[in-house]
Amino acid sequence: MARPRAFDEESVLDNAMNVFWHKGFEATSVQDLVNETGLNRASMYASFGDKKALFLKVLDHYTLKISTVRFAKLLEMADGRRAICETFEDIMRVGLTDGRNKGCLMVNSGMELAPHDPETAAIARQSFKRIELLFVDALVRAQAQKTISDGKNIRALSRFLAGSAQGLQLMARRAADDATMRDFVDVVLSTLD
């Protein structure tokens with residue numbers, strides 16, 4: 001009979017996520033993960049596998065815990081245009097406060113690893129597609145509500161908005177100033193007019 005785990009998996013994943021988010025995959029050592037999670041190496045390897053396996057589990061955890069919440073308004077708000085506007089306002093607000101120099105773990109990881117790591121590239125593509133589809137839903141609602149033009153190309157606009165959301169998070173990572181981020185959001189949202 002297997003022994004029950006003597007640790008809170010969500011807490012371990014949160015702590016590992018913060019290390020990878022702050023340092024990136026390559027710069028994070030197993031010792032960093034041991035120090036931050038409180039697990040010893042044997043427990044970490046037995047529970048999660050190697051550093052890469054833990055990292056991939058962290059990306060899933062990030063999607064469920066952070067990304068899903070970050071883009072929830074696109075799915076939940078009845079007013080499609082307002083959902084898009086508030087999503088960008090929220091991303092900017094987080095980027096200017098909590099996210100300063102942090103950005104988005106998925107975007108950061110895609111930039112760091114996707115060019116040479118097919119697993120991370122696939123996860124990053126899947127994440128982008130999921131966000132793109134959330135924008136599609138909001139744009140379809142906005143067109144039905146007559147708050148954006150029927151002439152807008154929903155597919156192209158949803159891809160632009162998903163890419164712009166990633167760009168805004170990259171700007172936060174490089175500590176763009178408030179005025180720069182405000183200008184960026186204003187121009188992005190002007191595409192809805």
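The values are calculated or read from the model by the stated rules, or taken from the named source; none is laboratory data. Values in this document were obtained by computation on a predicted structure and should not be read as measured data. Every residue, glycine as well, gets a Cβ built from its backbone with ideal geometry; the counts of neighbours run over all protein chains shown. Heavy atoms of the whole protein, side chains included, go into the accessibility calculation; ligands, DNA and RNA do not. Shrake-Rupley method; radii C 1.70, N 1.55, O 1.52, S 1.80 Å.
Figure the gain on full extension for GLN31 and HIS116 (residue separation times 0.36 nm, minus the Cα-Cα span) and round it to one decimal in nm. Write down the numbers at each step before the final one.
Values: separation 85, 0.36 × 85 = 30.60 nm, distance 2.40 nm.
Result for the pair: 28.2 nm of gain on full extension.
Listed values for segment 158-171 are Karplus-derived 3J(HN,Hα) couplings in whole Hz (6.51 cos²θ - 1.76 cosθ + 1.60, θ = phi - 60°), namely 5, 5, 4, 5, 4, x, 5, 4, 5, x, 4, 6, 5, 4, and x replaces Gly and Pro. The C-alpha atoms of the chain define a longest principal axis, and helix 9-23 lies at about 70 degrees to it. In percent, rounded to a whole number, the relative contact order of the chain is 23, using alpha-carbon pairs under 8 Å and six or more apart. Seen against the Cα atoms of the chain and their longest principal axis, helix 80-96 is set at about 50 degrees. A run of the chain free of exposed loop cleavage sites, with trypsin sites (Lys or Arg not before Pro) counted only in DSSP states other than H, G, I, E and B and at most 14 other beta carbons within 10 Å, reaches its longest extent at 6-99.
Looking at the calculated P(r) for segment 66-127, what percent of the C-alpha pair distances fall above 15 Å?
Values: 1101 of 1891 pairs.
In whole percent, the share of Cα-Cα pairs in segment 66-127 beyond 15 Å is 58.
Placing a label point 7 Å from the Cα of ASP193 along the Cα-to-Cβ direction, no residue of segment 157-182 has its backbone N under 15 Å from that point.
Would you mind working out the accessible area per residue for segment 47-170, using a 1.4 Å probe, and quoting it in Å²?
Numbers: 5740 Å² over 124 residues.
Dividing the accessible area of segment 47-170 by its residue count gives 46 Å².
Using a cut-off of 28 Å between Cα atoms, the listed pairs LYS23/LYS129; LYS23/LYS57; LYS23/LYS152 include LYS23/LYS152 as exceeding that distance. Orientation-averaged projection of segment 9-191 equals 10.5 nm² [convex hull of Cα atoms, one quarter of hull surface area].
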